[in-house]
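S.K.: Sending over a structure as structure tokens; questions will come in a sec.
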Amino acid sequence: MTSPTTQQSQSEAARANGAPTSLITEHGRTTIGDNVVQKIVGMAAREVPGVYDLGSGAARAFGAIRERVPGSTGVSKAQGVSVEVGEQQTAIDLDIVVEYGVSIADLSQGIRRNVINSVEQMTGLDVTEVNINVDDVHLPDEESESREARVQ
């Protein structure tokens, strides 16, 4: 059994090395898969008002097809999200579609804030960067056109 003093010094050593103590402890190591971080990022980005969708045009088209397949789980929560996860840090790339009329600069700040808070709170990983690629702008009249095309 490890004494409290030894546990404390091991935790301090982990912090000194930059390791989140919740992921690397004297009792073991916790690893977090890329797909876990991708889903967290996808959900956090979609929570921000002004984000219409995630993913490039091809990814969204594939997601729409997959959504229509019986038994499918629908659009992937990780669509449009790419991550690199290390032992202590993660870097994130997002492809987004914004609602027309939304300030892209303000939206980007909101997305970064929400994504960083969600990932760091849920995983203990340090988010080093969140790169955002605005792939498209959703126009209000596009919604009615896409509904009409589905009906035909």
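S.K.: Provide the per-residue ³J(HN,Hα) series for region 31-48, in order, calculated from phi with Karplus coefficients 6.51, -1.76, 1.60 and θ = phi - 60°, each as a whole number of Hz, with x at glycine and proline positions.
M.R.: After applying 6.51 cos²θ - 1.76 cosθ + 1.60, I find 10, 10, x, 4, 5, 5, 5, 4, 5, 4, 4, x, 5, 5, 5, 5, 6, 7 Hz.
S.K.: State, to one decimal in nm, how far the label point of Glu142 lies from the label point of Glu47, with both points 7 Å from Cα in the Cβ direction.
M.R.: 2.5 nm
S.K.: Per residue of region 81-91, in order, report the coupling 6.51 cos²θ - 1.76 cosθ + 1.60 (Karplus, θ = phi - 60°) as ³J(HN,Hα) in whole Hz, putting x for Gly and Pro.
M.R.: 10, 10, 9, 10, 10, x, 5, 10, 9, 9, 10
S.K.: Quick check: pseudo-label points 7 Å beyond the Cα along Cα→Cβ at Lys39 and Glu129, how many nm apart are they?
M.R.: In this crude label model, Lys39 to Glu129 measures out at 2.8 nm.
Where a number appears in this text, it was derived from the coordinates with a stated rule and is not lab data. Just so it is clear, the structure is predicted and the values come from calculations on it, not from any experiment. Quick reminder, even Gly has a Cβ in these numbers, built from the backbone with ideal geometry, and neighbours come from all protein chains shown.
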